[in-house]
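Data first, discussion second: the structure below is written as structure tokens.
The values are calculated or read from the model by the stated rules, or taken from the named source; none is laboratory data. Small disclaimer: the values here were computed from a predicted structure and weren't measured. Note that we place each Cβ from the backbone using ideal geometry, even for glycine, and neighbour counts take in every protein chain shown. Protein only, heavy atoms only, side chains kept; ligands, DNA and RNA dropped before computing areas. Shrake-Rupley method; radii C 1.70, N 1.55, O 1.52, S 1.80 Å.
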Amino acid sequence: MATGTHAVVVPVDVQAVWDYVSDLEKWATAVPAYKEHEIINDKQSIWTFEGSVKGIKKTIQAQVDITEWNEPSNIKFELKGLSDNFTGSGHFTAEDVNGKTLMTCTVEVHAGGISGAVLTPIIKWAVPKVASRLTESIARKIAVFS
């Protein structure tokens, strides 16, 4: 299993962070390797990612299911690979810190099946980078739009 966690202080209040992250359309393109997404309903979406690792181009599709939605501080989700055998979970949290917000993103991914042995080293390398880049990108956008 691969885990990535990243935290950043955003110079706005918790409600401003919530207003931004609770609207998927505002930040979807900030996800590293993002290609497109399709909203199925308010709890489920399909995400497509495309990228290259060591010269190999790969497109990955994942179903994202929101499992908790607690305004203004917590979103939890589960991941299920549609194109590859993997599962995962993650969450966003927002905590008030003297009028600013400590925003944390955690993502865990586990590759399974026969391809798991091949995917695991790539996932262990990529997941921490994805968590860091996504959190930093969202923080920058919130600071600009708030």
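So that you can scan it fast, the table gives a plain yes or no per residue for (1) touching a His at 6+ places or on another chain (Cβ under 7 Å); (2) farther than 23 Å from G81 by Cβ:
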site: T101; (1), (2): no, yes
site: T106; (1), (2): yes, no
site: P121; (1), (2): no, no
site: A126; (1), (2): no, no
site: L134; (1), (2): no, no
site: K141; (1), (2): no, yes
Search result, residues across the stretch 1-24 that are assigned to a strand (DSSP E or B), closer than 26 Å to N98 by Cβ and open to solvent by 20 Å² or more (accessible area, probe 1.4 Å): T5, H6, A7, V8, V9
Members of the stretch 62-121 that are among the acidic types (D, E), open to solvent by 60 Å² or more (accessible area, probe 1.4 Å) and under 23 Å from I46 (Cβ atoms): E68, E78, E108
Find the residue count for the stretch 25-48, including only residues that are open to solvent by 20 Å² or more (accessible area, probe 1.4 Å) and touching a Ser or Thr at 6+ places or on another chain (Cβ under 7 Å). 5
Please identify the pairs in which a residue from the stretch 122-133 that is under 16 Å from S89 (Cα atoms) has its Cβ atom under 6 Å from the Cβ atom of a residue that is surrounded by fewer than 16 Cβ atoms within 10 Å (Cβ to Cβ), counting only partners at least 6 apart or on another chain. V130/P32
Quick check, is T135 under 16 Å from V17 (Cα atoms) and modelled with pLDDT of 95 or more? no
From the list K129, K141, pick out the single residue that is surrounded by 14 or more Cβ atoms within 10 Å (Cβ to Cβ), under 30 Å from D13 (Cβ atoms) and among the basic types (K, R). K141
With the first residue restricted to the stretch 10-24 and required to be in contact (Cβ under 8 Å) with a residue 24 or more places away in the chain, and the second required to be in a loop (DSSP other than H, G, I, E, B), Cβ contacts under 6 Å at 6 or more apart or on different chains are V12/S146; V14/P72; Q15/P72; A16/S146; W18/E71; W18/P72
